[in-house]
Amino acid sequence: MTDGSISRIATARLGTHGPEVGVQGLGCMGMSFAYGPSDADESRATLERALELGVTLYDTADAYGAGENERFLSPFFKAHRDDVVIATKFGLAIHPDDPTKRIIRNDTPYIRQCIEASLKRLDVEAIDLYYMHRRDVDVPIEETVGVMAELVSEGKVKHLGLSEVTARELRDAHAVHPIAAVQSEWSLFSRDIEANVVPAARELGVTLVPYSPLGRGFLTGSFAKAEDLTDGDFRRQQPRYTGENAAVNAALLDPIRTVAESHGASLGQIALAWVQQQASVHNLPIVPIPGTRRPKRVEENTAATRIVLTEQELALLEPIASKVAGTRYADMSFASAGRE
Ligand SMILES: NC(=O)c1ccc[n+]([C@@H]2O[C@H](COP(=O)([O-])OP(=O)(O)OC[C@H]3O[C@@H](n4cnc5c(N)ncnc54)[C@H](OP(=O)(O)O)[C@@H]3O)[C@@H](O)[C@H]2O)c1
């Protein structure tokens, strides 16, 4: 834990030509979407505290609250335009017949429509890092990245990213235009990308941006099952936190607790230290984006960038992922591992 004093975190580069950012970013999704009610003032204080601590990569998407998250972040981004790196995404469209559902779209007219809408909501001239959020397998990736590259030439976007892509998709995309970052789920509970995506990213000079590094909060021990969460919380439908799976998975936190005790750290800090340390394990830059809406937690989370786990501790944590009950999405075609 920190004493609240300002001690800025280290930095890492996004891709070979991208900006240098704080080695931990901030996931802003929960401020408007998915994880129950938020307090806007507390979220704003979290953004400011993160910046003081050296967090410069802020992650949003057009899909987070149908544009609401981008609109909410806009005043903060504008107030600190030269000090923040804005990452947003396209690719998850509202279903034409059911506004509660999403469909994946990567076609050119849709991307053109999305970039204009995001620029308008964010009220900035350019987006620093523009991700394809999900892959529409009916559109060749070369075509999608070709349009994204046009956005770079037009000055609307500075760098390109892809989320939940396979190693093959990453290689094909990178051949069209350099990819600065791949964003995928990566945590003590979700390690499927280590098989193919991580080696491809290392080889191509692409930075890995792990999302849900705290297992959507489960790895902090702050909730143990879906019923602990408020109605409408997205996690209530996720296979890992429901029924018998939740009990199996809660028991998997024991080794994390042991390591946390020896460091005088929280469970969440050990989960974040583990993801961060994968940078040296796999020899590539990694910028995790834990999500929080609370200033004290951003202090706690950024302090985890300074924790170094021993070989014995890494070995103790190693078996956890293979014992996790339940897939990370109900529909695994939503994740790159479902297509590898
Ligand atoms: N590319 C994609 O498809 C994709 C998918 C999911 C997420 N994302 C991005 O990745 C970001 C992070 O992922 P995530 O938010 O899903 O999961 P996460 O970072 O693993 O966990 C976030 C949850 O943990 C809680 N939390 C954070 N710090 C904590 C601490 N120190 N102690 C206790 N609880 C703590 C948060 O609650 P409070 O907010 O109440 O603190 C929130 O409920 C998102 O914000 C989003 O920007 C991307």
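Key figures
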quantity	calculated
The range 160-172 - residue that is within 20 Å of A63 (Cβ to Cβ) and among the hydrophobic types (A, V, I, L, M, F, W, C) and, of those, farthest from the ligand (Cβ to nearest atom)	L160
Identity of the residue in the range 194-223, part of a loop (DSSP other than H, G, I, E, B) and within 13 Å of the ligand (Cβ to nearest atom), that ends up surrounded by the fewest Cβ atoms within 10 Å (Cβ to Cβ)	S222
Selected residue (criterion: nearest to the ligand (Cβ to nearest atom)) from residues of the range 306-328 that are within 19 Å of F218 (Cα to Cα) and buried (at least 18 other Cβ atoms within 10 Å of the Cβ)	R328
Number of the exception - A335 against (1) more than 30 Å from R44 (Cα to Cα); (2) modelled with pLDDT of 95 or more; (3) within 11 Å of the ligand (Cβ to nearest atom)	(2)
Failed criterion for F90 (all others in (1) surrounded by fewer than 21 Cβ atoms within 10 Å (Cβ to Cβ); (2) in contact with a Cys (Cβ under 6 Å, 6 or more places away or on another chain) hold)	(1)
Residue in the range 322-330 that is farther than 27 Å from A246 by Cα and under 18 Å from the mean Cα position of the chain (by Cα) present	no
Pairs where the first residue, in the range 55-83, is closer than 19 Å to L162 by Cβ and β-branched (V, I, T) and the second is modelled with pLDDT of 95 or more and assigned to a helix (DSSP H, G or I), C-beta under 6 Å, 6+ apart	T60/N69; T60/E70; T60/L73
Unique residue being out of contact with any Cys (no Cβ under 8 Å at 6 or more places or on another chain) and within 14 Å of the ligand (Cβ to nearest atom) when the list is A45, A79	A45
Members of the range 60-76 found to be part of a loop (DSSP other than H, G, I, E, B) and either charged (D, E, K, R) or away from the ligand (no atom under 11 Å from the Cβ) (or both), listed by number	D62, G65, A66, G67
Test result for Q238, closer than 20 Å to G30 by Cβ, out of contact with any Gly (no Cβ under 6 Å at 6 or more places or on another chain) and either of a type outside the set (D, E) or within 12 Å of the ligand (Cβ to nearest atom) (or both)	yes
Cβ pairs under 6 Å, 6+ apart, first in the range 290-302 and more than 6 Å from the ligand (Cβ to nearest atom), second polar (S, T, N, Q) and at pLDDT below 95	E299/T2
Condition met for A79 (hydrophobic (A, V, I, L, M, F, W, C), surrounded by fewer than 15 Cβ atoms within 10 Å (Cβ to Cβ) and modelled with pLDDT of 95 or more)	yes
Out of M31, M1, sole residue that is at pLDDT 95 or above and either hydrophobic (A, V, I, L, M, F, W, C) or within 12 Å of the ligand (Cβ to nearest atom) (or both)	M31
Residue in the range 247-270 that is within 14 Å of the ligand (Cβ to nearest atom), free of Cβ contacts under 8 Å to residues at least 40 places away in the same chain and not in a helix (DSSP H, G or I) present	yes
Any chance V281 is within 15 Å of the ligand (Cβ to nearest atom) and either modelled with pLDDT of 95 or more or buried (at least 20 other Cβ atoms within 10 Å of the Cβ) (or both)	no
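The values are calculated or read from the model by the stated rules, or taken from the named source; none is laboratory data. Just so you know, these numbers come straight off a predicted model, no measurement behind them. Please note: Cβ atoms are built from the backbone with ideal geometry, for glycine as well, and neighbour counts cover all protein chains shown.
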